[in-house]
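Worksheet: the structure to be examined is printed underneath.
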Amino acid sequence: MLNWIESRTGFVSMAKDFLTEDIPGGASYWYVFGSATMFAMIMQIVTGIFLTFFYAPSAATAWESTRAIYLNPFTHFLLSIHYWGASAMIALVFLHLLQVLIWGAYKSPREIQWIVGVLLLIVTLVLGLTGYLLPWDMDAYFASQVSLNIAGLPPGGAILQSIAQGGGTMGTNTINRFFGLHVWLMPAALVALVGAHLAIFRHNGPAGPVADEPRTLKPGRFWPDQMFMDAFVSLLVFLIIVALAFFAPPFLDAKADPTNSQFIPYPAWYFLFLFGLLNLVPIFLGNGPFPELLAAIIVPTIGILIVFALPWIDRATTRSFSARKGIIGTTAVVIAVIVALSFYAQNTIQAKIAAGPPSQTEAQILAAAPAEAAPAAGGASDALADGQKIFSQNCSSCHGATGMGQAGVAPPLAGNSMVTGDPKAVVTVLLNGLHGKVIMGQSYAAQMPAWKGQLSNKDIADVITYIRGGLGSNKASAVSVSDIH
């Protein structure tokens, strides 16, 4: 059988050559970061695929489906593994790049291999960023809103921000875009980059440890020594992830409410340094567009470009530590600054949270049943229930789950005399949409789509009935399908 496979694929001889190749300096735990990262990536892909079976990406269903995942012990544990696996993968990619940097393994002929590795770190961070929004809870919404606002800072950024969030405000389109990036585009890019990284690695071979005379290094075999070390560390990573998933599962906050402007978001740990920089720079330069642009865009971009160009910036002719004191020293300083900014951001955010009102426990959040439409007389209860679902899916991301509106973006619907007055006015707005500015005590953007042709007449009648008679304190009469024309 093996001879038959070998004659048609060459896989047997390739595997033999790989397992028996020499490793400069012999087997070492310094070489395990790449294999451990690969293991974490596979674990993320597998758990992510299973989670898509239970997750429903829309503003009306994202939090509800996540809550259902939390209420089931198996899927909750699966989600916890995926959550901690993401942190493990980002940490391992960073450690792998750091080890390559310290050893100078980015130098010729491995410049392209270094660039691909940096791209892998960026893609992994984007995966963490896009996945953070998907639960659609309060923290996910407002932390992602900060990220999207950062995207809109540079010239032309408003276009990029609008594309990323699917319009002028966050809602179902935002979830769908982030879901597509997280589940399809970024994993595809990750697998392609890993394939390129491995192919280039196979072409160049391992760089080996730093030595003044590489030819004096004693070689060793990949099998069994290095494979055992790789497997052992991968198992250790898996056990740590499982322990964290079991003892410290991720917290699910209340469902996203855009009207709650007092909520203090807590970013993922790998973006804490950026939040720290955003809070620190205005202290010295004052508030305004430029300090934000400097902290959120200019400084990180310059840093990334320097990291990409490192093989050409480092002019040392050898990889020895003594010849690269400047690079290693600068790296130590940058890491210290990142750690300090992260602690500063954490302390600042925790102080703001402590100063605010107490939040619900996760048990209270999970125990709360999803809001149901209020019953009504005259046989309108079904229309109210259906209208509430349509409102949650299409309207709540702008007007708020309770219809309180969003300052400068969408006017309140609860307690609005225009909504509870002549129903023809509301029918006209829903059918034809609104564009430009609307003045209702204050100015609103009023970028509302026309629902004519997008929703059925029955759906439009039901959502108007809910807005007029079931939203907040509104108690106006229902509308029928015959009113929609």
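Here are the numbers for the structure shown:
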read-out: Subset of the range 218-247 (residues that are small (Gly, Ala, Ser), farther than 11 Å from Ser35 by Cα and surrounded by 14 or more Cβ atoms within 10 Å (Cβ to Cβ)); value: Gly220, Ala245
read-out: Of residues in the range 60-90 being part of a loop (DSSP other than H, G, I, E, B) and closer than 16 Å to Leu252 by Cβ, the one modelled with the lowest pLDDT; value: Thr61
read-out: Wholly within the range 376-485, helices (runs of 4 or more DSSP H) carrying at least 2 residues that are crowded, with 16+ Cβ neighbours inside 10 Å and in contact with an Asp or Glu (Cβ under 8 Å, 6 or more places away or on another chain); value: 381-394, 423-432, 457-469
read-out: Residue in the range 254-267 that is more than 24 Å from Gly157 (Cβ to Cβ), in the same structural domain as Leu120 (by TED's automatic domain parsing), out of contact with any Gly (no Cβ under 6 Å at 6 or more places or on another chain) and part of a helix (DSSP H, G or I) present; value: no
read-out: Extreme residue, modelled with the lowest pLDDT, among residues of the range 274-297 that are farther than 14 Å from Val146 by Cβ and touching a Phe, Trp or Tyr at 6+ places or on another chain (Cβ under 9 Å); value: Pro291
read-out: Residue pairs meeting the criteria (Cβ under 9 Å; at least 6 apart or on separate chains; first among the β-branched types (Val, Ile, Thr), in the range 141-155; second assigned to a loop (DSSP other than H, G, I, E, B)); value: Val146/Pro265; Val146/Pro267
read-out: Filtered residue count, the range 157-183, keeping only those that are at pLDDT 95 or above and more than 16 Å from Gln145 (Cβ to Cβ); value: 5
read-out: Count of residues meeting criterion [at pLDDT 95 or above and of a type in the set (A, V, I, L, M)] in the range 102-113; value: 1
read-out: Lone qualifier among Ala158, Ala140 - being assigned by TED's automatic domain parsing to the domain that holds Ser234, within 30 Å of Pro249 (Cβ to Cβ) and in a helix (DSSP H, G or I); value: Ala140
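The values are calculated or read from the model by the stated rules, or taken from the named source; none is laboratory data. Being a predicted model, the structure only gives us computed values, none of them experimental. As a convention, Cβ positions derive from the backbone with ideal geometry for all residues, glycine included, and neighbour counts pool all protein chains shown.
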